[in-house]
Amino acid sequence: MDGDHGRIDIRSAVVCAIAPVDVGLLSAGSGVKVRREWRAKTEPESEARVHIRHFISSLPPENPAHLGRAVRGHWSVENRNHHKRDDSVWQEDRHRHRRPRVAQNLALTRNALLAVIPFDEKRNLPTLIAHYQQNPKLAIELIFHARPQI
């Protein structure tokens, strides 16, 4: 049970062993079904909302707690990255490239930029992109002298 972000969350997971041939992925070892039920703290008697997600992992199924932490860790990384990629000038979720290499090259370029652009609470990605567009010398200096933030 989790009570952050103004809501009450209850999560449960079911883990099962799977063979790579079952799902067509070479290193698949386990399947995880996560059920998340939540309601607002301000409305504890309201009907709970439910999401069910399925995951495939290369981790063995013998340690369900470890798999649960891996799933939670995945979402924290996904949420941190999503806002930088989609709520910015890139609007990554809106782009549908017909040529896979174009999409891969854009993703690679964006990953590299996210690793070197110095984020902080005061300057968000659109502000920083505008700053470097107006100051190309600083952008080149950033690329050559930045220490990636991984």
Please identify every one of the trypsin sites (Lys or Arg not before Pro) in the range 23-75 that sits in a loop by DSSP and has no more than 12 other beta carbons within 10 Å of its own beta carbon. Lys41
Using R₀ = 25 Å, calculate the FRET efficiency as 1/(1 + (r/R₀)^6) where r is the Cβ-Cβ separation of His145 and Asn124; round to 0.05. 0.70
Plugging the Cβ-Cβ distance of Val14 and Arg96 into 1/(1 + (r/R0)^6) at R0 = 35 Å yields, to the nearest 0.05, a FRET efficiency of 0.55
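Computed from the coordinates by the stated procedures, all read-outs in this text should not be read as laboratory data. These figures come from a predicted structure and were not determined experimentally. Virtual Cβ from ideal backbone geometry, glycine too; neighbours counted across all protein chains shown.
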